[in-house]
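For reference, the structure is listed below as structure tokens.
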Amino acid sequence: MAASTNSFLVGNNTTQMIPAFKPKSTSQSLLHLTKPNTFHLAGKTKPASVRCVSSPTQIQDGARSAPTGSQDRVFNFAAGPPPLPENVLLKAQADLYNWRGSGMSVMEMSHRGKEFLSIIQKAESDLRHLLEIPSEYSVLFLQGGATTQFAGLPLNLCKPDDTVDFVVTGSWGDKAVKEAKKYCKTNVVWSGKSDKYTKVPSFEGLEQSPDAKYLHICANETIHGVEFKDYPVVRNPNGFLVADMSSNFCSKPVDVSKFGVIYGGAQKNVGPSGVTIVIIRKDLIGNAQEITPVMLDYKIHDENSSLYNTPPCFGIYMCGLVFEDLLEQGGLKEVEKKNQRKADLLYNAIEESKGFFKCPVEKSVRSLMNVPFTLEKSELEGEFIKEAAKEKMVQLKGHRSVGGMRASIYNAMPLAGVEKLVAFMKDFQAKHA
């Protein structure tokens, strides 16, 4: 079905576009986001009238001006939730009390009202544009984190006797296997556990099951700092690749057509905790096991355009602001360049320390997002973390299961934060070498 400029593909249906919400006031706004977006539909690129038109935000009773600088903020290297872009936070702050003249906050809106429908539709449109998501895929905004999808995937995609292959490169891949075992047969074709999760295997040597329903990977292991730079091909011609991209989602371009399903929690690169995004090929929807809870059934959420029940409205709104920001930066190719520069700076500092700092991960698969490192003198790690915090660099302690340090440098971490960390590392080494 061809879509007109005032319609939008949601789930399996082409539905009438909710008109852009019109503010009560026509005076100059803090935000004016009226540029039309485009997305791919049935092999064509059509303009989509998905926009949120802003109006003045009036804050009463003790209103004060929004901060314009970052002098009071720290460099937050947390693995998640990490920093959000400052301009996104300031936009949300400006509209928090009265969203674009609607007389209410996003947190107070009906999820079926025209105001929120314009928000979720634009968020999906911008995400489709960012990742160039083909029209053959549905985008679902869900809840429960990626961990919930460890059960949701086998429940929706296979029967109890079906086999699912797993490549396990870290803790999250391992957790996915353990949960899937409850709902299907599992086969770990490779695990990096014996090497303390520091590698990605050669794809040619993977002994995949010939009849595996799908092959599951975790594209970036947050805890261990291991990232796939390329992706394996599924042996079964009727199978497909599934990837947990929670911690590198929207950090670089991805060919969505290589996957049957891409999923992840939003709380790393694209929003606050509470939103889970599933991008799924439409022909894979509708085959859930009978025991599948209604809230895990992809068909239910697809048919209801992610509005079967009240979704995480404010989280989706924040994701939408982040998608806008990524587009304004020039898209994911430009974002990847920035991320590569930050990662190179930090990894080079580790290598140039001549063993004072060490990264255990094999160089070819080191993550652009999560950089684990240790000190040659492990007794100094506590002091390192404490002194860094005094310099407004926080959340550098490694995961409790690994130890050491970890610097997570997601999209919103500015280059200045990595530069400051590198300078601190050099000073610390000079004092303690």
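Rounded, prolate or oblate for the range 169-223? Axes are the square roots of the Cα gyration tensor eigenvalues, ordered a ≥ b ≥ c, and the cut-off for rounded is a/c under 1.5.
Values: a/c = 2.05, a/b = 1.20, b/c = 1.71.
Since a/c reaches 1.5 but b/c is at least a/b, the shape of the range 169-223 is classed as oblate.
Mind listing which GluC sites (Glu not before Pro) in the range 261-330 are in a DSSP loop and have 14 or fewer other Cβ atoms within 10 Å?
Glu290
Considering Cα pairs under 8 angstrom that are at least six residues apart, work out the relative contact order of the range 88-329 and quote it in whole percent.
Details: 445 pairs, mean separation 64.2, N = 242.
It rounds to 27 percent for the range 88-329.
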Going toward the positive end of the dipole of the range 282-330, with +1 on Lys and Arg Cβ and -1 on Asp and Glu Cβ, which of Gln329, Ala288, Ser305 do you reach last? Ala288
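Leaving out ligands, DNA and RNA, what percent of the accessible area of the range 331-431 is carbon and sulfur, probe 1.4 Å?
Numbers: 2410 of 5010 Å².
Taking all protein chains in place, the range 331-431 shows 48 percent carbon and sulfur surface.
Would you mind working out the accessible area per residue for the range 88-329, using a 1.4 Å probe, and quoting it in Å²?
Details: 8720 Å² over 242 residues.
So the range 88-329 comes to 36 Å² accessible per residue, rounded to a whole number.
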The simple spin-label model distance between Asp344 and Asp211, using points 7 Å out along Cα→Cβ, in nm, is 4.9
Given Lys178/Lys392; Lys252/Lys426; Lys199/Lys258, which pairs have Cα atoms separated by over 27 Å? Lys178/Lys392; Lys252/Lys426
Would you mind classifying the range 331-431 by shape? Square roots of the alpha carbon gyration tensor eigenvalues, ordered a ≥ b ≥ c; an a/c under 1.5 is rounded, otherwise it is prolate if a/b is larger than b/c and oblate if not. prolate
Reduced Cα scattering model of the range 104-230, Debye log10 I(q)/I(0), q = 0.13 Å⁻¹: -0.70
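Using Cα pairs closer than 8 Å and at least 6 residues apart in sequence, work out the relative contact order for the range 239-292, in percent.
Numbers: 72 pairs, mean separation 16.3, N = 54.
Relative contact order comes out at 30 percent.
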Isotropically averaged projected area of the range 88-329, using the convex hull of Cα atoms (one quarter of hull area), nm²: 13.0
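With a cap of 12 neighbouring Cβ atoms within 10 Å, and only residues DSSP puts in a loop, list the trypsin sites (Lys or Arg not before Pro) found in the range 88-125. The partial results should precede the final answer.
Details: sites: Lys91, Arg100, Arg112, Lys114, Lys122; in loops: Arg112.
Counting only loop positions with at most 12 other Cβ atoms within 10 Å, the trypsin sites (Lys or Arg not before Pro) in the range 88-125 are Arg112.
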Which trypsin sites (Lys or Arg not before Pro) from the range 340-433 combine a DSSP loop assignment with at most 12 other Cβ atoms within 10 Å? Lys354, Lys377, Arg400
Computed over the Cα atoms of the range 254-352, what is the convex hull's projected area averaged over all directions, in nm²? 8.8
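The values are calculated or read from the model by the stated rules, or taken from the named source; none is laboratory data. What you are looking at is a predicted structure, and each value in this text was computed from that prediction instead of being measured. In this analysis, Cβ positions are derived from the backbone assuming ideal geometry, glycine residues included, and neighbour counts consider all displayed protein chains. Surface accessibility is based on the protein's heavy atoms, side chains included, excluding ligands, DNA and RNA. Shrake-Rupley method; radii C 1.70, N 1.55, O 1.52, S 1.80 Å.
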